[in-house]
Ligand SMILES: Nc1ncnc2c1ncn2[C@@H]1O[C@H](COP(=O)(O)OP(=O)(O)OP(=O)(O)O)[C@@H](O)[C@H]1O
């Protein structure tokens, strides 16, 4: 009986081999190996300065690493700028905001890889942009100047531009840091939905470890420019690893969709009973819900 020929596995969306990055002569990433499968959601966590943004910038082609980074099997150095932009879209932590630009024009920049040189955007490009703005709850913001938006509104616009780009690999650097909890969930649910319907691959960084663990298939803990742990959220979000690498006091408890990481105060000094404060109610004072008034 003949053995079946081995089927070739598809190339991973991201393949990092011994990625080393130095900035201004200082070694920042000191040999990172990582693969992210197509359709996977991997979140990189780690303390401030660990090198998370640097890692994402290298994967997005914003820092030179022509041989150490492969995207869908192709060394990033072999992808021309327009080709790369069709493959990978980045939501940076603090993108440069062109002064005086309206939201619609900014999000249209995401369509640049599809617009011929000296050409104009097509009806399809505009339809894509409008659809993304609607999905991100930004329908009323088309004409608003970016600089006039709140931090959270602007963060959603940055994500809109990346989604309008139509790339299959999304790099999200702290995508929800300025968002209220409602919009955090809305944005992450949208990304997760696109992952399922459009086969997006997500490589993200996040400081909110509980939320990170709820969405990621796999987590990577980076410290001092190297990977110190990788695995499922349950394997990486442990009290021991977080204490060791963040120098944080935390409790980790099981949650419905992943471990919940609760920062706890290391030593709370014994406090005498708080004196009864005047006018202290034993319940919150809740303003009447005007929307229910007739
Ligand atoms: N241009 C630069 N020159 C020198 N050092 C730099 C440069 N850019 C970044 N660094 C340093 O590289 C290290 C890693 O920075 P990076 O922004 O990747 O960390 P991070 O893990 O994303 O941190 P954070 O959680 O604070 O966002 C930091 O110590 C930072 O000061």
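Each reported figure results from applying straightforward, stated rules to the coordinates on display, with no laboratory input. Model, not experiment: these values are computed from the prediction. Cβ atoms come from the backbone with ideal geometry, glycine included; neighbour counts cover every protein chain shown.
Got the relative contact order for the chain handy, in percent, Cα pairs under 8 Å and 6 or more residues apart? Before the final figure, lay out each step's value.
Details: 478 pairs, mean separation 62.6, N = 294.
RCO, the chain: 21 percent.
For the range 34-68 and the range 86-146, what is the centre-to-centre distance using only Cα atoms, to the nearest Å?
Between the Cα centres of the range 34-68 and the range 86-146 lies a distance of 24 Å.
Can you give the FRET efficiency for residue 93 and residue 150, using 1/(1 + (r/R0)^6), R0 = 25 Å, r = Cβ-Cβ distance, to the nearest 0.05? Let's see the in-between values first.
Details: r = 17 Å, r/R0 = 0.67.
Given R0 = 25 Å and the Cβ-Cβ separation, E is 0.90.
Once you order the gyration tensor axes a ≥ b ≥ c over the Cα atoms, which shape class does the range 166-262 get: rounded for a/c under 1.5, otherwise prolate or oblate by comparing a/b with b/c?
Cα axes put the range 166-262 in the prolate bin.
Spin-label point model (7 Å from Cα, Cβ direction): what's the residue 74 to residue 268 distance in nm?
5.6 nm
For the ranges 200-212, 220-232, what's the packing order if you count other beta-carbon atoms within 10 Å of each residue, average per peptide, and put the highest first? Present the calculation step by step, with values, prior to reporting the outcome.
Details: 200-212: 22.1, 220-232: 18.3.
The packing order, highest mean first, is 200-212, 220-232.
Give, as ranges by residue number, the residues of the range 202-222 whose backbone N falls under 18 Å from the point 7 Å along Cα→Cβ of residue 30.
The answer is 221-222, whose backbone nitrogens lie closer than 18 Å to the label point.
Taking only DSSP H segments of four or more residues, each worth -39500 (n - 2.57), what value at 222 nm results for the chain once the sum is divided by all its residues, to the nearest 500 deg cm²/dmol? Walk me through the numbers before you get to the answer.
Working: 9 runs with 85 residues, N = 294.
Result for the chain: -8500 deg cm²/dmol, rounded to the nearest 500.
Beta carbons within 10 angstrom, averaged per residue: use that to sort the peptides 49-56, 186-193, 258-265, 116-123, highest first.
On the way: 49-56: 22.4, 186-193: 17.2, 258-265: 15.6, 116-123: 8.5.
Ranked by mean Cβ neighbours within 10 Å, highest first: 49-56, 186-193, 258-265, 116-123.
If you bin the C-alpha pair distances of the chain every 10 Å from 0, what whole percents do you get?
Once binned at 10 Å, the Cα pair distances of the chain give 6, 23, 29, 23, 11, 6, 2, 0, 0.
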